[in-house]
């Protein structure tokens, strides 16, 4: 009797029985994998990534613009004015370029 009970229990726990049993959940596989909670987490992660990238690129552009107007532009303008002064002095000194 005990052997029959053990055999019955073993049959109920076998992989064949688990594969053949009736599934309680009738949802398709993609609905079981992508539950509403998981979709919410995925959506939140995706939106945060997009917003983080937008924030990073905006701050990068603003910082580069500030650096350009604060440091680079004045140096280039000073170099341009120096070149113009040298050209004016060379012109007044009578320096000419003869192209043949």
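Only the coordinates and a few stated rules stand behind these numbers; no lab work does. Predicted model only: the values in this text are computed from it and were never measured.
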If I stretch the segment between residue 42 and residue 69 completely, what's the gain in nm (0.36 nm per residue apart, minus their alpha carbon distance), one decimal?
5.7 nm
Once the piece of chain linking residue 54 and residue 87 is laid out straight, how much longer is it, given 0.36 nm per residue of separation minus the C-alpha distance between them?
7.3 nm
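Based on Cα coordinates alone, diagonalise the gyration tensor for region 34-93, multiply each eigenvalue by 5, take square roots, and list the semi-axes in whole Å, largest first. List each step's numbers first, then the result.
Values: eigenvalues 610, 12, 3 Å².
Over the Cα atoms of region 34-93, the semi-axes work out to 55, 8, 4 Å.
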